[in-house]
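The values are calculated or read from the model by the stated rules, or taken from the named source; none is laboratory data. This is a predicted model, so every value here is computed, not measured. We place every Cβ from the backbone using ideal geometry, glycine too, and count neighbours over all the protein chains shown. We work out accessible area using only protein heavy atoms, side chains counted, and drop any ligands, DNA or RNA first. Shrake-Rupley method; radii C 1.70, N 1.55, O 1.52, S 1.80 Å.
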Amino acid sequence: MFRNVAVISRPGADSRKPETPGTRRALETLGCPVVEIQEPGTLDGGDVLKVGDTVYVGRGGRTNAQGIAQLRRILAPLGGRVVAVPVTKVLHLKTAVTALPDGTVIGYPDFVDNPGIFPAFLPVPEPHGTAVVCLSDSELLISASAPQTAAMLRDLGYDVTEVAISEYEKLEGCPTCLSVRVRCLD
């Protein structure tokens, strides 16, 4: 979602492509405009990180240049700026980085191809500390496999809830993969 427009991704893995029709039906019931990434473009949700009006998109194994170009064309009229980010060390961008409520991008340095792309980058001490879900301006959700990162974030003034998801982490899953945030605008 960007502003009131829903963008249906076109997954890079064939096994995930059947997910999009159900997503479209659910979004249409909300009454918001819906657009889709079209072939030959691919765009995986795990490669999309929105920070304010900037949308960072990982260019790697699941998202291609055509998908990024289509997203750029969709979001530009809405005031969105799309920044392509090389992703060669992990499956998805949000395995390498996520953002705190203040817009600071956090990431495990060994997973990030070029931290200089982000205006504010804060390294975390553990691989599983890269993925946080912002529940509010002061509350974060993080994997229990990243206790040092959780402590670091608490020291920055955040309320942090740790969740045990080690079985998902074996396949590069993380809290962002297992979360769908819905924000209603009045």
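Details
- Any hit, the range 54-66, residues being touching a residue at least 40 places away in the same chain (Cβ under 8 Å), assigned to a strand (DSSP E or B), open to solvent by less than 60 Å² (accessible area, probe 1.4 Å) and of a type in the set (Ser, Thr, Tyr): yes
- In the range 110-130, residue surrounded by the most Cβ atoms within 10 Å (Cβ to Cβ) [restricted to those that are under 17 Å from the mean Cα position of the chain (by Cα) and part of a helix (DSSP H, G or I)]: 130
- Residues being β-branched (Val, Ile, Thr) and open to solvent by less than 30 Å² (accessible area, probe 1.4 Å) are entirely absent from the range 69-76.
- Just one of the numbered conditions (1) in a helix (DSSP H, G or I); (2) surrounded by fewer than 22 Cβ atoms within 10 Å (Cβ to Cβ) is not true of residue 149: (2).
- None of 93, 156 is surrounded by fewer than 22 Cβ atoms within 10 Å (Cβ to Cβ) and either at pLDDT 95 or above or more than 19 Å from residue 167 (Cβ to Cβ) (or both) except 156.
- Per-region count, the range 170-183, residues open to solvent by less than 20 Å² (accessible area, probe 1.4 Å) and farther than 17 Å from residue 105 by Cα: 1
- Number of the condition not met by residue 133 [criteria: (1) without any contact (Cβ under 8 Å) to a residue 24 or more places away in the chain; (2) within 25 Å of residue 81 (Cβ to Cβ); (3) in a strand (DSSP E or B)]: (1)
- The range 1-30 residues that are over 22 Å from residue 54 (Cα atoms), paired with ones that are of a type in the set (Val, Ile, Thr) (beta carbon under 7 Å, 6 or more apart): 12/42; 12/63; 20/8; 23/8; 24/8; 24/34; 27/34; 28/34
- For the range 96-109, the set of residues classified as crowded, with 18+ Cβ neighbours inside 10 Å and part of a loop (DSSP other than H, G, I, E, B) consists of 100, 108, listed by residue number.
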